[in-house]
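Chemist: Quick one: this structure, given as structure tokens, is what I'll be asking you about.
The values are calculated or read from the model by the stated rules, or taken from the named source; none is laboratory data. Predicted model only: the values in this text are computed from it and were never measured. With ideal geometry, Cβ positions are generated from the backbone for all residues, glycine too; neighbour counts draw on all protein chains shown. With ligands, DNA and RNA removed, areas are computed over all heavy atoms of the protein, side chains included. Shrake-Rupley method; radii C 1.70, N 1.55, O 1.52, S 1.80 Å.
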Amino acid sequence: MPTPPDTSKTLKLERYNNYLRKIHSTKLITASSKLLFRATLLIALILILFFTINYPPLSDTPHHVPPHHRLHHHSLLSTSLFSAGGGAAWEKQVRLSSTPRRTNGFSVLVTGAAGFVGSHCSLALKKRGDGVLGLDNFNNYYDPSLKRARQNLLSKHQVFIVEGDLNDGPLLSKLFDVVPFTHVLHLAAQAGVRYAMQNPQSYISSNIAGFVNLLEVAKAANPQPSIVWASSSSVYGLNTENPFSERDRTDQPASLYAATKKAGEEIAHTYNHIYGLSLTGLRFFTVYGPWGRPDMAYFFFTKDILQGKSIDIYKTHDQKEVARDFTYIDDVVKGCLGALDTAEKSTGSGGKKKGAAQLRVYNLGNTSPVPVGRLVSILEGLLSTKAKKHVITMPRNGDVPFTHANVTLAFKDFGYKPTTDLSTGLRKFVKWYISYYGIQSKTRKESQATGES
């Protein structure tokens, strides 16, 4: 009887093939699942990006802040996409504005260039042949149309202002990629002592986070720029020494604004120590003059006196007159340029320190405190109008009763010497104010009325 065929090998082979098919199916299912997961994740990210750009949050400020006090902020993402991706024409404008015309001229990034001090400094730098590029976010802390008017003035002198925010890292990095800045004049900040009680977060965002973001980009630059930045006389806070000297204590701020400026000085020390950035802080004392800030007393006093409204004149709690070391804008500009001219080069490269770097802080004041009542009297004379005065006790809102600058150190290091007294400075301001707002002075009206009769 014939032997039946041996099928054991065939069965083994078939089982082995089935096994391989199962493994292959499992791998295929696993791979498909991973692919589907990744595709879903990618679609979700795209949707999130789409809604972030096209549907920003309804409010980026606390709900308790009144609408007229909320600052306007651009979406940081959209600002980067618009400004940093401006193309060849945009880069050409940036380079042209930043290129110095004089031999060994500076290439300066001026933050807050559409602001009061920033616009004056930008114009002075450009006029002497330095390259100047401005950066400003044009927020509405005060009337943005005044900032736009300053921008137009600078544009006539070939100073280009990039519209963007200090906290927009990609935009700042793009600017430093396009231009090898030799210097940064950092004047952008959330200003005002009293407003900090209404919108404190704006001070943290601009004066601390924005400053750190700028320093982060500057430290990584190659070459690193020298940085001159605006601190404030407010850092002296409750200091009782007189006049205020850079050697006096500054650890008792009387307002959040002052605290953020003091924090800036400590942050500057840190970046100087770790990264070799050359940093000079300037403590401004009540700067005033043409193109000034509408939130300053001399500015809104002028407006209210002309409109026949009463003005509040503060007395201290012990019934003394409040006094300020009013400093005319031209003197402050000279101080800023002097600080830039004597700023040493940073010692770091690409974020690594290679040696000790310069770290300085100076008072820029007028050295002559004037009672606010005297300020009002001068304005009354210049406007030929009697003010309706309302004398009240100073509220506890962070303001200090008295400021007086000792500028010996600034004079010694770069020849800073204020030359404009308050009467002269206010005369120049009032002349600008009447021209800018198209106001016919009372004196002129009276003379015209006399001529017509």
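Chemist: Starting at the first residue of the range 170-185, write each ³J(HN,Hα) from the Karplus equation 6.51 cos²θ - 1.76 cosθ + 1.60 with θ = phi - 60°, in whole Hz, x for Gly and Pro.
Modeler: Coupling constants for the range 170-185: x, 5, 4, 4, 4, 4, 6, 6, 6, 10, x, 4, 7, 9, 10, 10 Hz.
Chemist: Just report the Cα centroid separation between the range 247-311 and the range 131-180, whole Å.
Modeler: 20
Chemist: Using a 7 Å offset from Cα along Cα-Cβ at residue 240, what residues in the range 363-403 end up with backbone N under 11 Å from the label point?
Modeler: none
Chemist: Quick one: grab Rg to one decimal and Dmax as a whole number for the range 85-222, Cα atoms only, in Å.
Modeler: According to the Cα coordinates of the range 85-222, Rg and Dmax are 14.6, 48 Å.
Chemist: While we're on this one: So, counting K/R as plus one and D/E as minus one, what does the shell of residues with Cβ under 14 Å around residue 215 add up to? Numbers along the way, then the final one.
Modeler: On the way: positive: 219, 353; negative: 216, 265, 266.
Counting the neighbours of residue 215, the net charge comes to -1.
Chemist: Using a Förster radius of 60 Å, what is the FRET efficiency between residue 342 and residue 88 based on their Cβ-Cβ separation? Nearest 0.05, please. Walk me through the intermediate numbers first.
Modeler: Values: r = 37 Å, r/R0 = 0.62.
Working from the Cβ atoms, E equals 0.95.
Chemist: Measure off, as a whole percent, the carbon and sulfur share of the 1.4 Å-probe accessible area of the range 283-423, all protein chains present. Numbers along the way, then the final one.
Modeler: Values: 3290 of 6240 Å².
Here carbon and sulfur together make up 53 percent of the probe-accessible area.
Chemist: Can you list residues from other chains, or at least 5 along the same chain, whose modelled amide H is less than 5 Å from the amide H of residue 287?
Modeler: For residue 287, the qualifying residues are 327.
Chemist: Multiplying the sequence separation of residue 201 and residue 266 by 0.36 nm and subtracting their Cα-Cα distance, what value in nm do you get? Display every interim value, and only then the final one.
Modeler: Numbers: separation 65, 0.36 × 65 = 23.40 nm, distance 1.94 nm.
Using 0.36 nm per residue and subtracting the Cα-Cα distance, I get 21.5 nm.
Chemist: Largest first, how would 359, 171 line up by accessible area (1.4 Å probe)? Before the final figure, lay out each step's value.
Modeler: On the way: 359 75, 171 0 Å².
My answer, sorted largest first, is 359, 171.
Chemist: Quick one: which of 274-285, 89-100 comes out on top by average Cβ neighbours within 10 Å, and what's the full order, highest first?
Modeler: Working: 274-285: 23.2, 89-100: 16.2.
Final packing ranking: 274-285, 89-100.
Chemist: With N denoting the number of residues in the range 151-195, provide Rg(C-alpha) divided by 2.2 N^0.38 Å, to two decimal places. Walk me through the numbers on the way to the answer.
Modeler: On the way: Rg = 13.2 Å, N = 45, 2.2 N^0.38 = 9.3 Å.
The range 151-195 yields a ratio of 1.42.
Chemist: In straight Cα distance, which aspartates and glutamates are under 20 Å from residue 303, not counting same-chain residues fewer than 8 positions off?
Modeler: 143, 295, 312, 380, 446
Chemist: Order 300, 244 by their accessible area, 1.4 angstrom probe, all chains in place, largest first. Could you put the intermediate results ahead of the total?
Modeler: Details: 300 60, 244 10 Å².
Most to least solvent-accessible, the answer reads 300, 244.
Chemist: Any idea of residue 310's accessible area? Nearest 10 Å², probe 1.4 Å.
Modeler: Counting only protein heavy atoms, residue 310 exposes about 70 Å² to solvent.
Chemist: Figure the gain on full extension for residue 251 and residue 320 (residue separation times 0.36 nm, minus the Cα-Cα span) and round it to one decimal in nm. Kindly include the intermediate steps, with their values, before the conclusion.
Modeler: Details: separation 69, 0.36 × 69 = 24.84 nm, distance 2.48 nm.
Going from the current span to full extension adds 22.4 nm.
Chemist: Taking H as built 1.01 Å from N, whose amide H comes closer than 5 Å to the amide H of residue 360, not counting residues under 5 places away?
Modeler: Under 5 Å from the amide H of residue 360: 279, 280, 281.
Chemist: Residue farthest toward the positive end of the dipole of the range 93-233, with Cβ of Lys/Arg at +1 and Asp/Glu at -1: which of 146, 129, 180?
Modeler: With unit charges placed on the Cβ atoms, the residue in question is 129.
Chemist: Among the aspartates and glutamates, which have Cα under 16 Å from the Cα of residue 261 when same-chain residues fewer than 8 positions away are ignored?
Modeler: Partners found: 246, 248, 251, 399.
Chemist: Karplus couplings for the range 325-339 from phi (6.51 cos²θ - 1.76 cosθ + 1.60, θ = phi - 60°), rounded to Hz, Gly and Pro as x?
Modeler: The phi angles translate into 8, 5, 10, 6, 4, 4, 5, 5, 4, 4, x, 5, 5, x, 5 Hz.
Chemist: I've got another one for you. Could you do me a favour and compute the accessible area per residue for the range 78-170, 1.4 Å probe, result in Å²? Please list the in-between numbers first.
Modeler: Details: 3730 Å² over 93 residues.
Normalised by residue count, the accessible surface of the range 78-170 is 40 Å².
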